[in-house]
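See structure below.
The values are calculated or read from the model by the stated rules, or taken from the named source; none is laboratory data. Worth saying up front: this structure is predicted, and the values here are computed from it rather than measured. Because the Cβ atoms are built from the backbone with ideal geometry, glycine has one as well, and the counts that use them run over all protein chains shown. Heavy atoms of the whole protein, side chains included, go into the accessibility calculation; ligands, DNA and RNA do not. Shrake-Rupley method; radii C 1.70, N 1.55, O 1.52, S 1.80 Å.
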Amino acid sequence: QVQLVESGGGLVQPGGSLSLSCVVSERILNFYAIGWYRQAPGKQRELVGRINSVNATYYENSAKGRFTISRDNEKNTVYLQMNNLKPEDTAVYYCKATGGLRDYWGQGTQVTVSS
């Protein structure tokens, strides 16, 4: 069973930064892509961005210019660097590994942006 573990969440003031990590129990090169998603209270889970096996990235408009996704294949880890955080970025952040047969999700990490 593939496991994904997110970490790095916390409380940050508006304009601040956080770096999230997603450690995968298998070689991340085995997956087509690793994505970051978030779910705010009362809202549906939404895509933040993703990175594929050849390091191509995609970001939703809400993340463009502020968030950066990177990967370390040796550590089987994908990162989400978040800068200039806004209160509307408050959510539980999840990573998802897209495999050939199914997707795998982590348990999430809480990010709260508040003064």
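Structure data summary
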item	result
Checklist (1) farther than 15 Å from GLY99 by Cβ; (2) within 11 Å of the chain's Cα centre (by Cα); (3) among the aliphatic types (A, V, I, L, M) applied to ILE34, failing item	(1)
Residue list for the stretch 88-114, restricted to those being small (Gly, Ala, Ser), assigned to a loop (DSSP other than H, G, I, E, B) and at pLDDT 95 or above	GLY106, GLY108, SER114
Subset of the stretch 88-115 [closer than 15 Å to SER21 by Cα and open to solvent by 40 Å² or more (accessible area, probe 1.4 Å)]	TRP105, GLN107, GLN110
